[in-house]
Each structure stands twice: as C-alpha cells, then as structure tokens.
1. For Trp35, which sequence-distant residues (separation of 5 or more, or a different chain) have an amide H within less than 5 Å of its own amide H, given hydrogens modelled in the peptide plane?
2. For region 60-333, what is the largest minus smallest coordinate of the Cα atoms on each principal axis, given in angstrom and ordered from greatest to least?
3. At Ser318 and Arg171, where each label point lies 7 Å from the Cα along Cα→Cβ, what is the point-to-point distance in nanometres?
4. For a test of the definition: using alpha carbon positions, the gyration tensor, and the 1.5 limit on a/c, classify region 235-325 as rounded, prolate or oblate.
5. Indicate the gyration tensor shape class of region 308-385 (rounded, prolate or oblate), computed on the Cα atoms with a ≥ b ≥ c the square roots of the eigenvalues: a/c under 1.5 is rounded; otherwise a/b larger than b/c is prolate and the rest oblate.
6. Go from 0 up to the bin containing the longest alpha carbon distance in region 50-94, width 5 Å each, and give me the % of pairs per bin.
7. Taking the C-alpha atoms of region 227-385, how large are the radius of gyration and the largest Cα-Cα span, Dmax, in Å?
8. Report, to one decimal in Å, the Kirkwood hydrodynamic radius for region 115-188 based on all distinct Cα pairs.
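Computed from the coordinates by the stated procedures, all read-outs in this text should not be read as laboratory data. Note that the structure is predicted; figures quoted are calculated from it, not measured. Every residue, glycine among them, receives a Cβ derived from its backbone with ideal geometry; neighbour counts consider all protein chains shown.
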Amino acid sequence: MSVLVTGISELTTNDDDLGTLSDAALVLDDERVVWVGPADRAPDADERVDVGGRAVLPGWVDSHTHLVFAGDRTAEFAARMAGQPYQAGGIAVTVSATRAASDAELATGLRRHVAEAVAQGTTCFETKTGYGLTVTDEVRSARIAGQEVEEVTFLGAHLVPQGWDADDYVRLVSGEMLDAVAPHVRWVDVFCESGAFDEDQSRTVLAAAKARGLGLRVHGNQLGPGPGVRLAVELGAASVDHCTYLEGHDIDALAGSETVATLLPACDLSTRQPLPNARELLDAGATVALASNCNPGSSYTSSMAFCVATAVLQMRMSVEEAVRAATWGGARALRRERGDGAVGVLRPGARADVHVLNAPSAAWLAYRPGVPLTHAVWRKGERVR
Ligand code: NIG
C-alpha cells in the first residue's frame, strides 16, 4: 500500500541531487521511498497523510550502541559527578549483571531501549556485544541482539575479564570466541585504549576478524591520545568511534581515508571529557557521524536529538552538518548509505524510514534543545509513531 506524505515545510533528503526541499511531498510504498519532490507535482497514492507544515528528515541512524546488558551504574555515575574519573574497569560491573541475567531479561531490556529510541525517531540501529566476555555469553548476546537490531557487532575485546592473562584472552577472542560469534554478527570492534587493549592486542583481534571477512570498527582515542585512529585507518575500519583526543596526524589520517569518525558527545558529557573537535575534522574533509553510544556506563541516553543539539550548540557543527552526521553519517559508518534500501537518505529506492518533527525546520532541534520534537515516525514503511 502506498502513502503520500504532504504538508512538508522542509524536507532533508541527504541526496546530492535532491538537496533540501521546501513545500515537498514523499511517496512511500511498502518498505521503500518511491517518489520525492515538490508537493504540487506529487503523484496520487492509496493513502494521504498531511503533516501540517512540519519538517521531515530521514530516521536517525544510531551507529554506536551497547544495548544488550542488565543492571545499571547509577552509583558510578554519581561518583563521577562528584569528581571520580571514568575508567574502563566499570564495564566489569555490567559484565557481572549481564552474565547473571536470563535470555528473557536481556531481550526485554533490549526491546525496551529500542522502543524508547524508535519513539524519538531512530529507525536503524547498530548494537554491540561486550558485556558477556565468555564464549557462551558473547554468543548469547549476539544472538539476542540480532533478534531486534539489524547491525550487530562483536565486542569481545571490550575489557580483559577478571582472572585472565591479557594475551591469553586476546587469543580466545581472536580464535575460538570469534569463530563462535561470527555467524551472528557483521562487525568486530575493539576497545583500543589504556586500561583495555593496546595496539598489538587490538591489531591481533582486528586482523583475525578481517581474515574471516567481517567488517571492522574501533573504539579509539576516548580517554587520551593513542593508536586507535591510526590503526582503524590502517586496517580499513568502517568507523573509529569516540575520537575525543585527536592529534593532527589523526585528523590527517581520517581526512585521507574511508574511515568515518563517529563522535559520541553524550558520552563525553557523561564522563566529563572534552567534546571532540568536530570542526577540525569537517574542515579537513573527514566524514563525521554522530551516535548515542547508549550504554549503562558512559552514556545512558538513546536521544539522537540530544547529540545533534550538543553538536550544534557546543561543537561548532551547523544544524545541516549535525543532522547529516546523525542520519547519512551513521549510515556511511555502517556502509548502508548506498543502493536499494539505503538508510539515512530519502530518495527513490531508499528504505522508508521517515522522521517528522513537531517543528517547521530542522534548526529547531538545536533552537529548542531538550524538547521532545518527534511528531511521527515510519520505519521500513510502517507507521510506528
Ligand atoms: O563506548 N568505551 C568502551 N565502551 C563503552 C563504555 C561501556 C561502559 O562503560 O559500560 C563506550 O563508552
């Protein structure tokens, strides 16, 4: 069944030819966008929806989350707000709670967080394992993630679990654990940071993943300068995420590469780190994505609108750059921005993922920060809000 959406005051398409349109209309048919253009030239459809002079964007593409977990870390957050630094070791608290949870508890929590994000306009998700850290628990996390989320990442290299020698654990992650989890995931990620995995250990895991044909992602340069960005670019990772502490050579490497710099401003705020230098990345020609990093430790928000508002108000990104980074940029970080069923774009052939704002323009995302502005959402052509 086709749906004609009219009354669009401003339509962000992220398509180079279509650009941003005013007085626009869209036609959705089943799971696809089939027509985009000026309202006065729109074809007819089975159903009409007039959005009454509101702005329309592609649904958010949240390319970095950790949604398979149990428990919460409120006490750690409170200690941080009282002056304690964020440390990778906090992950172990969530690992214990996650191992103790049943499959049903993990699946229910995942569904709840996905529903919360969809209600705010997120229509495409990536999520990671990384709170299991045994072969059984990582396979279980990946399997549960795949029931709800289309892009699943293996993050066995999140933390060296208690009682393990680091090199033995790296051998497990890049061997038996990777083989067991591989059928359930598209991506492999490594937390390349002091307190987690060093450059050699990260390289071992990423090389093993690449040899098995899996896509690469890296958590890098989150807590200080380090080798994460350089390694991600060298190995052709689709994305290096965090990028909070970048040096000139990191920015040059990203600018000359296909690796997306995924910025996670909600995490930097929640861990009292500086915000990443988005302006320098963009001016150098790097591709930037914005994502929520929703997880119970360092960034417990599913709000992409909050990330966009922060990027505009605090990181010197324009509204257009921030909205593009949270839609097309996320899609690019997942290599999903092209072809039939592309996400993060609104053009004929793209997936029918549509976010209607309760606002006349996307600028209101930063102009009215913190105000819920989602009016309607279609996900894969289905009206979900
Ligand atoms: O992306 N950096 C590593 N992983 C998560 C944090 C996970 C946690 O603290 O539980 C992140 O910030």
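1. The list, which skips near neighbours in sequence, is Val27.
2. Over region 60-333, Cα extents along the principal axes are 44, 37, 37 Å.
3. 5.5 nm
4. Working: a/c = 1.70, a/b = 1.39, b/c = 1.22.
It comes out prolate by the Cα gyration axes.
5. Working: a/c = 2.67, a/b = 1.34, b/c = 1.99.
The shape class here is oblate.
6. 5, 14, 17, 15, 11, 9, 7, 9, 8, 5, 0
7. Rg then Dmax for region 227-385, in Å: 15.6, 45.
8. For region 115-188, inverting the mean 1/r across all distinct Cα pairs yields 12.8 Å.
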